Amino acid sequence: PPHSNYELAVRAAGSIADYALRAGQAVSLLSHERELRRVRLSPDAGGRTDLLEALAEARPDAAAPVTHALRRLRSESARLLRTQSLTVVSLSLDHQLVRTLISLREEGVRLALVYVAGSDFAEAAAGAAAPLLPFLPPRHPSDDNASTAGPADDTASGTTHGHHGGAFLPLEARGSLLNLAAAGVICLTLARGDDLNRALSLTRTGRRREARRG
């Protein structure tokens with residue numbers, strides 16, 4: 001408190017959606033809450049306003065894991081998924097989610113995962129952590145007193161600042177990211193203190209390379 005990895009996840013999702021809208025692409029924003037909420041955003045000023053309103057209304061009250069929402073999306077919009085790209089912003093990284101993401105990738109879905117780690121927001125056992133994978137963007141320490149810019153400031157170029165004690169991931173999350181990367185899923189981890197503009201720009205570059213290979 002007052003910051004959480006849920007707040008960072010909302011800001012990350014908003015930044016990605018805002019980038020797509022500015023690039024002239026329509027966006028479907030799905031919020032995994034008590035009920036799955038879908039907001040269709042048009043690539044204009046009205047769409048960006050709707051995005052900010054949708055982000056402000058987001059609530060961390062889902063009764064089931066995000067995997068359930070992905071499976072529902074898969075059953076209802078399988079054909080649509082194969083013609084569009086899907087970016088999943090998640091605070092969890094369990095085996096069910098990994099299997100679902102790999103299955104979607106095997107079905108031809110252009111897929112990226114933004115994993116918002118929680119270890120910087122809640123104390124974690126030092127012995128259960130391992131260094132970040134070398135292919136994931138490094139994090140840069142910043143001033144303890146720096147402020148946090150929210151989506152309302154500029155979701156496409158907003159940055160978040162704060163001190164964190166090193167780049168670490170739990171061993172289980174590390175293994176899951178390795179499996180996803182091996183399956184062709186673009187992965188990015190975010191934590192408190194990360195520069196959203198820099199980190200997400202690296203992910204966009206990776207997606208362009210993936211599109212060229214496809």
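Close Cβ contacts (under 8 Å, 6 or more residues apart or on different chains) running from residues in the range 180-191 that are farther than 16 Å from residue 8 by Cβ to residues that are assigned to a helix (DSSP H, G or I) and among the acidic types (Asp, Glu) comprise 183/106; 184/210; 186/210. Of the residues making up the range 76-109, those that are open to solvent by 30 Å² or more (accessible area, probe 1.4 Å) and within 14 Å of residue 185 (Cα to Cα) are 85, 87, 89, 99, 102, 103, 105, 106, 107, 108. Within the range 16-25, is even one residue closer than 19 Å to residue 185 by Cα, open to solvent by 40 Å² or more (accessible area, probe 1.4 Å) and more than 16 Å from the chain's Cα centre (by Cα)? No, every residue in the range 16-25 fails to be closer than 19 Å to residue 185 by Cα, open to solvent by 40 Å² or more (accessible area, probe 1.4 Å) and more than 16 Å from the chain's Cα centre (by Cα).
Scanning the range 32-57 for residues that are in a strand (DSSP E or B) and more than 22 Å from residue 121 (Cα to Cα), we see that the one that is most open to solvent (accessible area, probe 1.4 Å) is 40.
The values are calculated or read from the model by the stated rules, or taken from the named source; none is laboratory data. Predicted model only: the values in this text are computed from it and were never measured. Cβ atoms come from the backbone with ideal geometry, glycine included; neighbour counts cover every protein chain shown. Side chains included, ligands, DNA and RNA excluded: accessible areas come from the protein's heavy atoms. Shrake-Rupley method; radii C 1.70, N 1.55, O 1.52, S 1.80 Å.
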